[in-house]
Amino acid sequence: MSLIRCILLVDDDPTTNYLNRKLLERLAVTPQVRIASDGREALQVLATSCTPPDAPACPTLIFLDVNMPGMNGIEFLKEYQQLPLYQQRAIVIVMLTTSMHPQDVARVEQLGVVAGFIGKPLTAEKVERLLRTQFHQELPTL
């Protein structure tokens, strides 16, 4: 049984998305990994997939990069805050980024919608820690 209904990877780097998808599939964390290349595309995924918020294609977890062309992660979070509160509460957002610049961290934390920060690259250990802290779950035994 999968631990998370659907995960959305929001990153402009196709290689990063590919590697993260493969890791999540190998860990059997979710039956569905969706990809958006920027914040605007991620908002579109939410708009088309999250009515109702417990729909199978609606992400339960979003891994969000900060620095992307088009709509970046911080701009996405500002728009995300405009979604209905019940929809926001159904989704855990984690910043998955190489930019741990104090200014970026402070801007994101000010918005108050992010569960935490994880430095790239995503690893099995980082996923396991996230599952324990945010979902009170353990990785399935492979």
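The values are calculated or read from the model by the stated rules, or taken from the named source; none is laboratory data. Since the model is a prediction, treat every value here as computed from it, not as a measurement. When we count neighbours, we look across all protein chains shown, and the Cβ atoms used for this are built from the backbone with ideal geometry, even at glycine.
Key figures for this structure:
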read-out: Odd one out for E25 among (1) in contact with a Leu (Cβ under 9 Å, 6 or more places away or on another chain); (2) on the phi < 0 side of the Ramachandran plot; value: (1)
read-out: Candidates V45, V29 - the one that is among the hydrophobic types (A, V, I, L, M, F, W, C), at pLDDT 95 or above and closer than 18 Å to V94 by Cβ; value: V45
read-out: The stretch 28-38, residues that are more than 11 Å from the chain's Cα centre (by Cα) and at negative phi; value: V29, T30, P31, Q32, S37, D38
read-out: Restricting the stretch 44-70 to residues that are under 15 Å from the mean Cα position of the chain (by Cα) and farther than 24 Å from T133 by Cβ, the residue that is surrounded by the most Cβ atoms within 10 Å (Cβ to Cβ); value: M68
read-out: Output for the stretch 89-101, where each listed residue is touching a Lys or Arg at 6+ places or on another chain (Cβ under 8 Å) and surrounded by fewer than 18 Cβ atoms within 10 Å (Cβ to Cβ); value: T98
read-out: Helices (runs of 4 or more DSSP H) contained entirely in the stretch 59-142, each with at least 3 residues that are modelled with pLDDT under 90; value: 85-89, 102-111
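Listed here are the residues, each with its yes/no results for (1) in a loop (DSSP other than H, G, I, E, B); (2) in contact with a helix residue (DSSP H, G or I) (Cβ under 9 Å, 6 or more places away or on another chain).
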| residue | (1), (2) |
| --- | --- |
| R5 | yes, no |
| L9 | no, yes |
| N20 | no, no |
| R34 | no, yes |
| L46 | no, yes |
| P53 | yes, yes |
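Every residue, every condition in (1) surrounded by 14 or more Cβ atoms within 10 Å (Cβ to Cβ); (2) out of contact with any strand residue (DSSP E or B) (no Cβ under 8 Å at 6 or more places or on another chain); (3) not hydroxyl-bearing (S, T, Y), yes or no:
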| residue | (1), (2), (3) |
| --- | --- |
| L8 | yes, no, yes |
| L19 | yes, yes, yes |
| K22 | no, yes, yes |
| L27 | yes, yes, yes |
| A42 | yes, no, yes |
| L77 | yes, no, yes |
| L85 | no, yes, yes |
| Q103 | no, yes, yes |
| G119 | no, no, yes |
